[in-house]
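Peer 1: Can you keep this structure in mind? I'll have questions shortly.
The values are calculated or read from the model by the stated rules, or taken from the named source; none is laboratory data. These numbers come from a predicted model, not from an experiment. Backbone-built Cβ (ideal geometry, glycine too); neighbour counts: all protein chains shown.
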Amino acid sequence: MPGHPDITLPVSLAWSSFHPSPGFVDATFKVKIHVKRISNPAFDVFYQYIMPKIIRVLPVSPDAFDISSFPPVFPPLPVRLDMPVGDTSIVIADASYHAREQVLPPLNKPVYSEISGNVLFLIYNMTTANVLANAPNNYPTILDVAESHIALNPTLVE
């Protein structure tokens, strides 16, 4: 939920997980993102929405989301967000994480640290973002040019 970014993700429930090298795990989760339209779009370009995800090492510093990372080299597939004001759509996305995995006594259960992965999903309209990022607006951060976002602060557990 917005304002509550802390989530706990059990690696055992990951859609996909593997160990790329000893002591590390890569896990991908399928997530549902509920998008509610609260106002009419500035432009009639519903097909130009994308939902990029920002990947960073945790914990995230405040300067982690700058405009230089956009547009992405391999842009995400577009999402259709043409619902009327007040309606909600559900977008299915992947949230992927890489972490150090250590098995510590006395419980001999995995403990995950040094997590990196998806920390932010954006609702990003290419037309709107270009207008806001360029003169005369010159907004400096990706959060300023995205129409909305949801932050995640994941904790991985067994």
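Peer 1: Could you tell me which of the residues SER96, SER113, SER89, SER148 is at pLDDT below 90 and among the polar types (S, T, N, Q)?
Peer 2: Going through SER96, SER113, SER89, SER148 in turn, the sole match is SER148.
Peer 1: Further question: I'm checking my understanding of the structure. Among residues of region 3-28 that are aliphatic (A, V, I, L, M) and under 17 Å from LYS109 (Cβ atoms), which one is surrounded by the fewest Cβ atoms within 10 Å (Cβ to Cβ)?
Peer 2: Checked region 3-28; the qualifying residue surrounded by the fewest Cβ atoms within 10 Å (Cβ to Cβ) is LEU13.
Peer 1: On to the next question. For region 3-34, which residues satisfy the criterion of being outside any strand (DSSP E or B) and under 16 Å from ILE92 (Cβ atoms)?
Peer 2: LEU13, ALA14, TRP15, listed by residue number.
Peer 1: Do we find a residue being surrounded by 11 or more Cβ atoms within 10 Å (Cβ to Cβ), at pLDDT 80 or above and within 14 Å of ASN118 (Cα to Cα) anywhere in region 35-51?
Peer 2: yes
Peer 1: Now a separate question. Sort out which residues of region 1-57 are of a type in the set (Ser, Thr, Tyr) and in contact with a strand residue (DSSP E or B) (Cβ under 7 Å, 6 or more places away or on another chain), and write them in order of number.
Peer 2: THR8, SER16, SER17, THR28, TYR47, TYR49
Peer 1: Residues in region 79-114 that are in a loop (DSSP other than H, G, I, E, B) and within 15 Å of the chain's Cα centre (by Cα): how many?
Peer 2: Selection size over region 79-114: 1.
Peer 1: So, in region 127-158, of the ones that are part of a helix (DSSP H, G or I) and buried (at least 17 other Cβ atoms within 10 Å of the Cβ), which residue ends up nearest to the chain's Cα centre (by Cα)?
Peer 2: Going through the qualifying residues, I end up with ILE142.
Peer 1: Do we find that PRO10 is touching an Asp or Glu at 6+ places or on another chain (Cβ under 7 Å), more than 30 Å from THR127 (Cβ to Cβ) and not hydroxyl-bearing (Ser, Thr, Tyr) in this structure?
Peer 2: Yes.
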